[in-house]
Amino acid sequence: MSLTVRDRMDPNLPLVAPTQSASSAAAVMRDRDAGAVLVVYGDEVFGLVTDRDLAIGVIADATDPRGALVRDACPQQLCAVAPDDPLDDAVAYMRNHDVARVLVVEHGEPVGLLSLEDVPDAPRAVAEP
């Protein structure tokens, strides 16, 4: 039996609001030992912000992270997979979209996060056809 996303996903999603400061999002990541936070506004998922998004979108631009908002570092594209998707398919999807983390969604609700770090035996590159 092959592994599914559910077998490797992390069900503990750190949450932040899009109006929080980038530095507060970084503090949540630090405190929760997480590489990403789910950005929610009420019941709506706004996006997923990673530590890299903060570094590239805020710090590298010399923006004060105490004044920059999470929504300003939040990528427009949100990649997601289902918990019952085959793990190999999810890894291929992540490679094809050049992302290291994806949101796991079941019945329209976020239920976890899958990172390439959660899949230590994943191939490091997508094979060319």
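Details
- Residue in segment 60-73 that is at pLDDT 90 or above and over 16 Å from L15 (Cβ atoms) present: no
- Scanning segment 40-57 for residues that are over 20 Å from D98 (Cβ atoms) and touching a helix residue (DSSP H, G or I) at 6+ places or on another chain (Cβ under 9 Å) returns Y41, F46.
- Qualifying residue in segment 103-126 (condition: out of contact with any strand residue (DSSP E or B) (no Cβ under 9 Å at 6 or more places or on another chain), under 20 Å from S2 (Cα atoms) and basic (K, R)): yes
- For segment 1-16, the criterion of being in contact with a Phe, Trp or Tyr (Cβ under 8 Å, 6 or more places away or on another chain) and farther than 16 Å from V119 by Cβ is met by none of the residues.
- Condition met for L38 (under 15 Å from the mean Cα position of the chain (by Cα) and within 16 Å of P18 (Cβ to Cβ)): yes
- In segment 81-101, residue surrounded by the most Cβ atoms within 10 Å (Cβ to Cβ) [restricted to those that are closer than 18 Å to L3 by Cβ and aliphatic (A, V, I, L, M)]: A90
- Helices (runs of 4 or more DSSP H) within segment 4-78 that include 2 or more residues free of Cβ contacts under 8 Å to residues at least 40 places away in the same chain: 22-32, 51-54
- Members of segment 1-24 found to be among the small types (G, A, S) and more than 30 Å from D89 (Cα to Cα), listed by number: A17, S21, A22, S23, S24
- Subset of segment 29-48 [of a type outside the set (S, T, Y), closer than 21 Å to E109 by Cβ and surrounded by fewer than 16 Cβ atoms within 10 Å (Cβ to Cβ)]: R32, G42, D43, E44
- Yes/no for L54 being out of contact with any strand residue (DSSP E or B) (no Cβ under 9 Å at 6 or more places or on another chain), buried (at least 18 other Cβ atoms within 10 Å of the Cβ), modelled with pLDDT under 95 and over 19 Å from L3 (Cβ atoms): yes
- Residue count for segment 102-119, restricted to those that are part of a helix (DSSP H, G or I) and buried (at least 21 other Cβ atoms within 10 Å of the Cβ): 0
The values are calculated or read from the model by the stated rules, or taken from the named source; none is laboratory data. The structure displayed is predicted, hence computed values, not measured ones. A quick note on method: Cβ atoms are made from the backbone with ideal geometry, for glycine too, and the neighbour counts reach across all protein chains shown.
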